[in-house]
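The values are calculated or read from the model by the stated rules, or taken from the named source; none is laboratory data. Since this is a predicted model, take the numbers as computed values, not measurements. Don't worry about glycine lacking a Cβ; one is built from the backbone with ideal geometry, like all the others, and counts go over all protein chains shown. These accessible areas exclude ligands, DNA and RNA; they are computed on the full protein's heavy atoms, side chains included. Shrake-Rupley method; radii C 1.70, N 1.55, O 1.52, S 1.80 Å.
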Amino acid sequence: MTAMDSLSRAAAAPPWAGRGSMFSQPGLARPVAWASPRDLDQLRASHARGRQRRPLVPTSEASPRLGEELFARLLAYGTPHETHRGDVLFRPGDEDVDLIVVERGTVEVVRTETADVPAATVATVDAGGFVGELNLLTGQNTYLLGRVRQGGRVYRVPPERLRQLMANDVELSDIVFKALIARRELLQRSTAALSVEIVGTDRSAAALALRTYAARQRLIHLWFDADTQAGRAMMDSSGLTADDLPAVVMPGATLKRVTPGELAEKLGLSYRRSSTKPVDVTIVGAGPAGLAAAVYGASEGLDTVLLDAVGTGGQAAASSRIENYFGFPFGLSGVDLTGRAVLQALKFGAQLASPCQAVRLETDRNGDLLRLHLQGGEVIDSKAVVIATGARYRALPLERWPDFEGAGIYYAATELEARGCTGSPVTVIGGANSAGQAALYLAGRGSEVSLVVRGPDIATEMSAYLVDRLLAHPRVSVRCRSEVTRLDGADFLTEVSITDRTADTVQAQPCSGLFCFIGAEPATDWLTGIASGDDGFIRTDVQLAGDDLGPAWAALGRRPLPFETSVPGVFAVGDVHSGSMKRVAAATGEGASAIASVHKAIAALT
Ligand SMILES: Cc1cc2nc3c(=O)[nH]c(=O)nc-3n(C[C@H](O)[C@H](O)[C@H](O)COP(=O)(O)OP(=O)(O)OC[C@H]3O[C@@H](n4cnc5c(N)ncnc54)[C@H](O)[C@@H]3O)c2cc1C
């Protein structure tokens, strides 16, 4: 059916015309009604509610009322299907699910039963509404059941048609996109959150990794602390023991001792590609630089794949408050900033996969293509590759350091890491802005903070505004010319010893969290054959000397483009790039700018 067909049919006598006029009348029901959680659901949904951050769009946008002409435009992207009561339109585990537009009849969306909770209705969608949420864009498998409650007719809009809608119809795409985001927010607070239940202990590194992944992916899920009554009840009803933690309970599956990678695999968020066509650009690393490259690449029509070994957000997602990002005078959290960028990249059609680690890049082109190898053995062939793998935080060479990583030692200070130490004494190591921000954040949550700085003066590397706030804060004690020299604890860090180099004293003190910010190394251990500086950061364009440029360049007859490395068609941006500013704004600027060079490099291939 064409758009014209739909429009003329709508103009003649649309089957839902009886309800059509209601769309413009205030006070009448919206086409999607959300169920409110009950009993056990209510308890758990309220448990989830306290953990939420501010929604990106108002949840009232979840059930838009489309006018006749807009609704007809939406129908035109789908294909019609007659429905009967009881028909199943999608079920948990389905891949590549369609957006379903209800022209006549009613569809209900149900969270099916799991090992510990009975099924419950999440929403009902009447004529004039559409069924779907953000997983239509992220590629996550369906986790709910869609069933026809009252027969009629629906239009199925498959993923590629939805992408066309997003690209071609600004008015409609704004409404649909906002609804998908708002639904994700709403579902997270509803009984739907029970479809992925994560249980573990607050003080386990494996559980923290799982929760960090779930939070950064904005997964619909509910977290249970195994040490609480609700956690124990959930474990009992699912037949889980302490040895099984961390675990995930979902419809038809209970995953024990689960890693983020296994959860991603189960949810369909690992890398998979249906098209056999090579990718235009693969971006490795989804921090600010990679995300900016993905937004610009996808929005400018490049077939774009973005991978990250951990989850989206990069180091920026570890920042509780970024105050120097252009245009945000009151600051914003790194998770908020990068979460918005993820949505933007998805909207423009970029394919995101995580956790998904690149382990090798073949620098000899195979024809026009560069081959990237992933940890699971998959390969991606693409015309250009952007390396945006940033930098990794350094650790201290102390005995038991690896034992306490994630169990008292952290390289980030966000809500997730700080929760276990609220109000308890903590130690922050480092003399740059990231350490200063972390110290203020933790002190603001009621902790007594020892800020341990090796140098003689805190003002050497830190911005003046942070220094002033730290020195004035009653719960922060700044310890210059000092080092952490010993760690103690059983399964979890409980005490650190601080050596004062001026007084030549050692003091042991309680510590429920050690937050380490002592500089970074480039995340390039997976790369060979790409020119870098002595410090390992990747050199590009004007930083490359004649010796760095092999015979491939002579054949091309050109010099490297801005951000192009010593390998043609491979670009490096952000913190991994030699001489980069190590700031969010600089990383996003480089990621966006590199896309102009990617276009030129691809054009030169054909
Ligand atoms: C706590 C903290 C606070 C900060 N505060 C500020 C601030 O207030 N203002 C400011 O401007 N800057 C701040 N920064 C610095 C800023 O976050 C970084 O400069 C910025 O994130 C760099 O972006 P990037 O995309 O280059 O790299 P990163 O953010 O480091 O992202 C790199 C990504 O690549 C992924 N990756 C690495 N190797 C692989 C691989 N082999 N395969 C797949 N993926 C891989 C990583 O998982 C990571 O997600 C802060 C940093 C921290 C840690």
Checklist outcome for this item: One finds, for T460 and E262 with R0 = 30 angstrom and r their Cβ-Cβ distance, a FRET efficiency to the nearest 0.05 of 0.10
Item to check | Cα radius of gyration and Dmax for the stretch 326-414 (Å) | outcome: 18.2, 50
Checklist entry - For the stretch 227-336, which whole-number percentage of the solvent-accessible area (1.4 Å probe, protein heavy atoms only) is attributable to carbon and sulfur atoms? => result 53
Checklist entry - Just the Cα atoms of the stretch 430-498, one point each, no solvent: what log10 I(q)/I(0) does Debye give at q = 0.12, 0.14, 0.25 Å⁻¹? => result -0.31, -0.42, -1.12
Checklist entry - If all Cα-Cα distances of the chain are sorted into 10 Å bins from 0 onward, what percent lands in each bin, rounded to whole numbers? => result 3, 15, 24, 24, 19, 10, 4, 1, 0
Next on the checklist: Taking just the alpha-carbon atoms of the stretch 410-458, what radius of gyration and Dmax come out, in angstrom?
Outcome noted: 10.3, 32
Checklist entry - Which number do you get for Rg(Cα) / (2.2 N^0.38 Å) in the stretch 89-248? => result 1.16
Checklist entry - Cα convex hull of the stretch 508-606: mean projected area in nm², to one decimal? => result 9.0
Checklist entry - Using the scaling law 2.2 N^0.38 Å as the reference, what is the normalised Cα Rg of the stretch 72-136? => result 1.20
Checklist outcome for this item: Result for the stretch 141-208: accessible area per residue, probe 1.4 angstrom, in square angstrom, of 31
Checklist outcome for this item: For the stretch 269-336, one quarter of the surface area of the C-alpha convex hull, expressed in nm², comes to 5.5
Checklist entry - Quick one, what does Rg over Rh come out to for the stretch 434-585 if you take C-alpha atoms and the Kirkwood Rh? => result 1.15
Checklist entry - Counting every Cα pair in the stretch 180-295, what percent are over 20 Å apart? => result 50
Item to check | Rounded FRET efficiency, nearest 0.05, which uses the C-beta distance separating R558 from V506 and R0 of 56 Å | outcome: 0.40
Next on the checklist: About the Cα centre, and with charges only on the beta carbon of Lys, Arg (+1) and Asp, Glu (-1), how big is the dipole of the stretch 220-298? Nearest 20 debye, please.
Outcome noted: 400
Checklist entry - aspartates and glutamates near K600 by alpha-carbon distance under 19 Å, same-chain residues fewer than 8 away left out - which ones? => result D280, E300, D303, D368, D381, D541, E564, E590
Checklist entry - Modelled label-to-label distance, A472 and N324, 7 Å Cα→beta-carbon offset: nm? => result 2.0
Checklist outcome for this item: Heavy-atom accessible area of the stretch 88-174 with neighbours in place, 1.4 angstrom probe: carbon+sulfur share in percent works out to 41
Checklist entry - When the accessible area of the stretch 497-606 is computed with all protein chains present and a 1.4 Å probe, what percentage of it is carbon and sulfur? => result 56
Checklist outcome for this item: Of the convex hull enclosing the alpha-carbon atoms of the stretch 364-437, the direction-averaged projected area in nm² is 8.6
Checklist outcome for this item: Once all protein chains are kept in place, K277 shows an accessible area at probe 1.4 Å, nearest 10 Å², of 130
